[in-house]
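The values are calculated or read from the model by the stated rules, or taken from the named source; none is laboratory data. Nothing here was measured: the structure is a model prediction, and the numbers come from that model. Neighbour counts are summed over all protein chains in view; Cβ atoms, including those assigned to glycine, are modelled from backbone coordinates with ideal geometry. For the accessible areas, the whole protein counts, side chains as well, though only heavy atoms, and no ligand, DNA or RNA atoms are used. Shrake-Rupley method; radii C 1.70, N 1.55, O 1.52, S 1.80 Å.
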Amino acid sequence: MSQQPLTLVSHLLCPYVQRAAIALNEKGVPFERVVIDLANKPQWFLDISPLGKVPLLKVRRPDGSEAVLFESNVICEYLEETQPGARLHPEDPLTRAEHRAWMEFGSAILGDLWGYETTQDAAIFEQKRLALVAKFERVEAALGAGPYFAGASFSLVDAVFAPVFRYFEVFDALHDSHIFDALPKVNAWRQALAARPSVRNAVVPEYPQHLMDFLKHHQAHLLTLAA
Ligand SMILES: N[C@@H](CCC(=O)N[C@@H](CS)C(=O)NCC(=O)O)C(=O)O
């Protein structure tokens, strides 16, 4: 039986899991992490995950029974509404709605990134690279003085984008995508997020090696460029 009231069912590379882990870290809420292999999903996981995806957040109800939340943004919103610690959404409803929209935009970027990192095809790789440039130009236009999305305070938008930028610490070391060349605010934001303890602690220290193994497994075009 879980010792913590909150259990995050995870995968070592999943950026959606990282959002929830970052939110929990920011709030200083202890949680148990259970890591599963998505290539070999255990039956107990399939039984409780309606979409067969991580993250899941297992929550103990006051009567001792267990609820299972799925979808990372739903989990983040639940944490924001229930857990003590730092507030990660703005007070103002309009600004909060804008933040939720940029969280969705972060998910759209992850959609392009999936193709960028897994394709073996040079043309698809370039198409995805250009799609990412176009999306990050939008992000650049939305950023203010920093260091975080909304200025001095860390928000759920930061929790969504930090795992996106983490990919590029590995990818751009293999082959410079030039995606961020003309985006000074995005670059500054990336650096601020990479230095944040909640972000650093959201993955295991072996994360870069796991990501390299993932690229090799997919025989990714990115590795061909690095060779
Ligand atoms: N919309 C979902 C996306 C979650 C998602 O796509 N998770 C991936 C791992 S990063 C997954 O579990 N995929 C299932 C699989 O690989 O079979 C969320 O925000 O939680």
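How big is the convex hull of the Cα atoms of the range 93-226, per residue, in Å³?
Enclosed volume per residue, from the Cα hull, is 100 Å³.
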If the viscosity is 1.567 mPa s and the temperature 4 °C, what translational diffusion coefficient in µm²/s does Stokes-Einstein give for the range 185-227 when Rh comes from Kirkwood over Cα pairs? 105
Could you tell me the calculated FRET efficiency between ILE48 and GLN209, based on Cβ-Cβ distance and R0 = 25 angstrom, to the nearest 0.05? 0.25
What does the extension gain come out to for ALA108 and LEU94, with contour length at 0.36 nm per residue minus their alpha carbon separation? 2.9 nm
For the chain, report the convex hull volume of the alpha-carbon atoms normalised per residue, in Å³, without decimals. 129
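For the range 6-82, give the share of DSSP beta bridges that are antiparallel, in percent and rounded to the nearest 5; count only bridges with both residues there.
Taking every DSSP beta bridge with both residues in the range 6-82, the antiparallel ones total about 70 percent.
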Roughly speaking, what is the centre-to-centre gap between the range 181-205 and the range 21-39 when only Cα atoms are used, to the nearest Å? 19
The range 45-63 and the range 107-121 have their Cα centres apart by a whole-number Å value of 26
Where Rh is the Kirkwood radius over the Cα pairs of the range 6-82, the temperature 37 °C and the viscosity 0.692 mPa s, what D in µm²/s does Stokes-Einstein return? 261
Give me the net charge for the shell around MET103: Cβ to Cβ below 12 angstrom, other residues only, Lys and Arg +1, Asp and Glu -1. -3
Heavy-atom accessible area of the chain with neighbours in place, 1.4 angstrom probe: carbon+sulfur share in percent works out to 55
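Per residue of the chain, what 222 nm ellipticity follows from adding -39500 (n - 2.57) for every DSSP H run with n ≥ 4, rounded to the nearest 500?
Here the helix-only value at 222 nm equals -18000 deg cm²/dmol.
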What relative contact order, as a whole-number percentage, does the range 64-130 give when Cα pairs under 8 Å and 6 or more residues apart are counted? 16
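Given a 1.4 Å probe, how much area per residue of the range 90-211 is accessible, in Å²?
I get 46 Å² per residue for this part.
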